[in-house]
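A short worksheet on the structure shown next.
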């Protein structure tokens, strides 16, 4: 039976499977016994392993840090009889963890709602939808009678959105794939990925001396690799009329910045409300993936821009706020931080502030940078250090993924491009260089391939994330053909 026909006939099952996976809130959480990345992530992992086992795949759970399901790896004689096995592995690498849902949803982010031919929910695009498509591609190939020479292995990551510790552990216990792809980016195919840095900028805050407006708390954002859609500050003052003045400034700021098209904070919201003897100032922006911050509006930037208009009595707090406004603000390429690097191969550096916290006696920014492929992390840090030192701040380095880049003529890249073109008819699309970081970096000879088509809306890490059912099915067909070609 033709595997493409089997995929088409599996449409309803694919929808049901994705809905059930979306319903599992697999945001990384505190580790517990048997669940190093939290209960929700472990539940999603077990769901897919059990389904694969029931469908006749061989499955492997590597101490709950990750695992795989596979079939094939047999050598046949001319009569189609198995005469040996192969240790060659074709890997399809994806992940089941998701970023926090954030705010602004019109649908239950964990409801898997099917509406107008679209399945809504956190992970529909990143990366549960593509994982389901890859799964049904493998299932259709197996049911069609295809016996691949290489082992075809769907490798399941569990903390891709954070620290990749699960994939590191998995690859320390299991053979790395000899080649493969990760369906966690865009079509036609990904030629390169910018380098990724996650770090903190921290400034110590001295004791407040005198009377006036004090900053009691400051927080915002949920993840380094997401544009913060909410930020909150709490101020305190004993001075009569101080809060009324802040409310007046907030109303003026809204009129000048949030409600006028073309202004940096346009579309954002800023509100004030009393909380006991304090005043809460909240900013609402628009979430987006940290690799594409231009698609969102950073609530942290909005809030700190406004706080710079308030007379806060602590000099360290004021210096921090003014540093942010002058050297970060709403800018997205790091120019004002003196790290605005660019190259011909991959374009400009991408600068995203994911979180802000007032932690004890320090104000902390968590920042995510995507730097051009011809540079190094040392160059980026060295460029920023004079400013960091000038403002008496410190850097805490949290994560680094070097850039990835391959020639357009690369055989694996061209094979995947050919499959894409045959299924879409797009003969003009060229390989891309992206700011996102995928599991293509996890081992040698891997390429990010799909699953967002050119011109389609990519709502990864945003509210109302969805995948079209037709595109889910088309992805499965493309992945199946790619597997068929690469596994022989």
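The values are calculated or read from the model by the stated rules, or taken from the named source; none is laboratory data. Bear in mind the structure is a predicted one, so any value in this text is a computation, not a measurement. Glycine also receives a Cβ, built like all others from the backbone with ideal geometry; neighbour counts cover every protein chain displayed.
Annotations
- For segment 352-365, filtered to residues that are out of contact with any helix residue (DSSP H, G or I) (no Cβ under 7 Å at 6 or more places or on another chain) and touching a residue at least 40 places away in the same chain (Cβ under 8 Å), the residue that is farthest from residue 315 (Cα to Cα) is 354.
- Among the residues making up segment 456-471, a single one is at pLDDT below 95 and over 15 Å from the mean Cα position of the chain (by Cα): 457.
- Unmet requirement for residue 477, which otherwise passes all of (1) out of contact with any strand residue (DSSP E or B) (no Cβ under 6 Å at 6 or more places or on another chain); (2) at pLDDT 95 or above; (3) surrounded by 23 or more Cβ atoms within 10 Å (Cβ to Cβ): (3)
- If you filter segment 267-299 down to residues that are farther than 18 Å from residue 103 by Cα and in contact with a helix residue (DSSP H, G or I) (Cβ under 8 Å, 6 or more places away or on another chain), you find that the one that is surrounded by the fewest Cβ atoms within 10 Å (Cβ to Cβ) is 274.
- Filter result for residue 117 (under 23 Å from residue 460 (Cβ atoms) and either in contact with a helix residue (DSSP H, G or I) (Cβ under 6 Å, 6 or more places away or on another chain) or outside the structural domain of residue 215 (by TED's automatic domain parsing) (or both)): yes
- Segment 376-411, subset touching a helix residue (DSSP H, G or I) at 6+ places or on another chain (Cβ under 7 Å) and more than 23 Å from residue 439 (Cβ to Cβ), residue surrounded by the most Cβ atoms within 10 Å (Cβ to Cβ): 384
- Total residues in segment 437-457, condition assigned to a loop (DSSP other than H, G, I, E, B) and surrounded by fewer than 22 Cβ atoms within 10 Å (Cβ to Cβ): 8
- In segment 248-263, the residues that are over 13 Å from residue 310 (Cα atoms) reach residues that are assigned to a helix (DSSP H, G or I) with C-beta atoms within less than 6 angstrom, at least six apart or across chains, in these pairs: 263/257.
- Restricting segment 63-87 to residues that are more than 20 Å from residue 49 (Cβ to Cβ) and out of contact with any strand residue (DSSP E or B) (no Cβ under 7 Å at 6 or more places or on another chain), the residue that is modelled with the highest pLDDT: 87
- Some residue of segment 434-449 being in contact with a strand residue (DSSP E or B) (Cβ under 9 Å, 6 or more places away or on another chain) and more than 26 Å from residue 89 (Cβ to Cβ): yes
- Filtered residue count, segment 30-56, keeping only those that are surrounded by fewer than 15 Cβ atoms within 10 Å (Cβ to Cβ) and farther than 20 Å from residue 479 by Cβ: 8
- Condition check for residue 330: within 22 Å of residue 264 (Cα to Cα) and surrounded by 21 or more Cβ atoms within 10 Å (Cβ to Cβ): no
- Residue within segment 91-107 that is modelled with pLDDT of 95 or more, surrounded by fewer than 24 Cβ atoms within 10 Å (Cβ to Cβ) and under 21 Å from residue 50 (Cβ atoms) present: no
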